[in-house]
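One structure is given below, encoded as structure tokens.
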Amino acid sequence: MAPRKLDLSGNRYGALVVVAQAHTHSRPGGDVVTYWRCDCDCGRTVDVPGPSLRRKNNPTVTCGDRGAHRSGKAHPMFGKLREESGNWKGDAVAYTTAHARVKAEHGPASGWRCACGCGRQAAEWAYLGTDPKPKVSTHADSKGSLYSTDPEHYAPLAKPCHRSFDVWQAQRHTGVPIGLVIAEALAA
């Protein structure tokens, strides 16, 4: 008896909708893998191996174009997060939740180049100090740090650039010479 053929056509996997079977590929050892043509919510069409779509841990759910999915607007939950999730209601959010918003909106900072122009890979999202009503963190790890609840007030920076920027921001906001800002930070 021949094995039952699985038809994934019409199924949705994250941002991918299976359109039709694309082709098969024989692996060494005789296994045959079926590839499925999928339309992504961002507009691209990709061929994805069936097992990659169906696996429970870390399934393929986008076309892989990080630029198209970086903002999260193609994600089916995009409009719902702000309305339904407690993390997205208003301005009463903590420092860490604000940074989680930035990552959800723009993706990980490591997917970007440093915004200062140094050419390095970014590692962290840095608050730019451009929010007219910034919040002040009371969390032990970030006490006194300014932040915004709006992801548009952040930029991706490499760690050394982020440190330099934070020192400059502290001096700009306090008017205290940079040496004193550093000395106070080391003494704390």
(1) modelled with pLDDT under 90; (2) in contact with a Ser or Thr (Cβ under 7 Å, 6 or more places away or on another chain) all hold for V61 apart from (2)
For the range 140-152, pairs from a residue that is touching a residue at least 40 places away in the same chain (Cβ under 8 Å) and buried (at least 16 other Cβ atoms within 10 Å of the Cβ) to a residue that is among the aromatic types (F, W, Y) and part of a helix (DSSP H, G or I), with Cβ under 7 Å and 6 or more apart or across chains, are S145/Y95; Y147/Y95
Of the residues in the range 131-154, those that are assigned to a helix (DSSP H, G or I) and over 17 Å from V167 (Cα atoms) come to A140, P151, E152, H153
The residue that is nearest to P49 (Cα to Cα), considering only those in the range 88-100 that are surrounded by 14 or more Cβ atoms within 10 Å (Cβ to Cβ) and at pLDDT below 80, is W88
Reported set for the range 101-130 where residues are crowded, with 22+ Cβ neighbours inside 10 Å and either of a type in the set (S, T, Y) or part of a loop (DSSP other than H, G, I, E, B) (or both) is C114, A122, Y127
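Applying the selection to the range 20-44, what residues are over 14 Å from L6 (Cα atoms) and either within 22 Å of the chain's Cα centre (by Cα) or surrounded by 13 or more Cβ atoms within 10 Å (Cβ to Cβ) (or both)?
Start the filter on the range 20-44 by keeping residues that are over 14 Å from L6 (Cα atoms), which leaves 25-31, 37-44.
Matches in the range 20-44: R37, C38, D39, C40, D41, C42, G43, R44.
Right, K143: modelled with pLDDT of 75 or more and over 30 Å from W36 (Cβ atoms) or not?
Details: modelled with pLDDT of 75 or more: yes; over 30 Å from W36 (Cβ atoms): yes.
Yes; evaluated as a whole, the condition is true for this residue.
Output the residues belonging to the range 155-188 that are modelled with pLDDT of 65 or more, more than 17 Å from R113 (Cα to Cα) and either of a type in the set (K, R) or not in a loop (DSSP other than H, G, I, E, B) (or both).
We begin by selecting, within the range 155-188, every residue modelled with pLDDT of 65 or more; these are 155-175.
Now restrict to residues that are more than 17 Å from R113 (Cα to Cα): 166-175.
Matches in the range 155-188: D166, V167, W168, Q169, A170, Q171, R172, H173, T174.
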By residue number, the members of the range 103-127 that are at pLDDT 85 or above and among the aliphatic types (A, V, I, L, M) are A109, A115, A122, A123, A126
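The values are calculated or read from the model by the stated rules, or taken from the named source; none is laboratory data. Source: prediction; values computed, not measured. Positions of Cβ are generated from backbone atoms using ideal geometry, with glycine treated the same way; all protein chains shown enter the neighbour counts.
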